[in-house]
1. If you take the residues of region 90-107 that are under 18 Å from residue 179 (Cα atoms) and assigned to a loop (DSSP other than H, G, I, E, B), which of them is nearest to the chain's Cα centre (by Cα)?
2. Checking residue 177 against (1) out of contact with any helix residue (DSSP H, G or I) (no Cβ under 8 Å at 6 or more places or on another chain); (2) at pLDDT 95 or above; (3) over 26 Å from residue 61 (Cα atoms), only one condition comes out false. Which one?
3. Does residue 28 qualify as being surrounded by fewer than 21 Cβ atoms within 10 Å (Cβ to Cβ) and either modelled with pLDDT under 95 or within 21 Å of residue 164 (Cα to Cα) (or both)?
4. Looking at region 108-147 only, could you name the residues that are over 15 Å from the mean Cα position of the chain (by Cα), free of Cβ contacts under 8 Å to residues at least 60 places away in the same chain, more than 29 Å from residue 69 (Cα to Cα) and not in a helix (DSSP H, G or I)?
5. In region 71-89, how many are over 14 Å from residue 33 (Cα atoms) and touching a strand residue (DSSP E or B) at 6+ places or on another chain (Cβ under 8 Å)?
6. Identify the single condition in (1) part of a strand (DSSP E or B); (2) within 16 Å of the chain's Cα centre (by Cα) that residue 40 does not satisfy, given that it satisfies every other one.
7. Among the residues that make up region 197-216, is at least one of them in contact with a strand residue (DSSP E or B) (Cβ under 7 Å, 6 or more places away or on another chain) and closer than 21 Å to residue 41 by Cβ?
8. Taking the conditions exactly as written (at pLDDT 95 or above, surrounded by fewer than 23 Cβ atoms within 10 Å (Cβ to Cβ) and touching a helix residue (DSSP H, G or I) at 6+ places or on another chain (Cβ under 9 Å)), does residue 88 satisfy them or not?
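The values are calculated or read from the model by the stated rules, or taken from the named source; none is laboratory data. Note that the structure is predicted; figures quoted are calculated from it, not measured. When we count neighbours, we look across all protein chains shown, and the Cβ atoms used for this are built from the backbone with ideal geometry, even at glycine.
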């Protein structure tokens with residue numbers, strides 16, 4: 001019988017990290033990150049949430065108010081503490097399908113995420129026996145945890161998040177680091193860990209091409 005995700009109560013902050021959260025996250029070697037947006041088109045659909053969780057399972061949700069994304073506000077000033085964290089070279093940022101999140105963070109907050117690790121990419125390199133590489137499929141197989149995706153399609157711009165939205169948003173990051181560990185073990189066993197690192201390094205460039213509209217640039 002699959003387990004439910006761990007019950008984690010995140011700290012919810014507006015517009016940017018607190019100084020305390022920043023220092024807590026900077027003290028660790030890696031950090032799970034996810035985002036929620038108004039939709040799947042980066043330029044049209046604004047960034048609403050940034051979710052974070054470290055090895056101590058200290059979780060946070062940063063709500064990004066519409067007013068903080070005003071064109072009159074320089075990108076570097078929109079969430080400076082979050083920018084400092086996600087650009088810190090000593091903290092590995094772990095995403096599932098990093099290509100989308102990295103594009104949103106760069107376009108809306110001017111954050112150049114690095115270094116990073118994508119568990120979806122790692123899954124495609126390690127779990128070649130399946131074509132199911134979503135986070136839900138990975139967690140069910142590798143960690144015996146079943147995610148509830150019922151709140152996925154909701155209004156993430158709502159200033160007052162519902163308990164269901166909070167539970168959904170934070171469940172996506174609380175297990176990303178253990179998932180990375182399992183996938184990394186598989187990659188090392190198959191001799192593909194170096195290839196995974198190279199793939200992660202090119203994701204920011206792919207994200208930038210996506211935003212600029214260069215779809216299928218490397219296809220025939």
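1. Once the filter is applied, the top-ranked residue is 96.
2. The one condition residue 177 does not meet is (3).
3. So residue 28 fails the test.
4. Matches in region 108-147: 127, 128, 129, 130, 131, 132, 133.
5. Of the residues in region 71-89, 1 are over 14 Å from residue 33 (Cα atoms) and touching a strand residue (DSSP E or B) at 6+ places or on another chain (Cβ under 8 Å).
6. Here residue 40 clears every test but (1).
7. Yes, because at least one residue in region 197-216 is in contact with a strand residue (DSSP E or B) (Cβ under 7 Å, 6 or more places away or on another chain) and closer than 21 Å to residue 41 by Cβ.
8. yes
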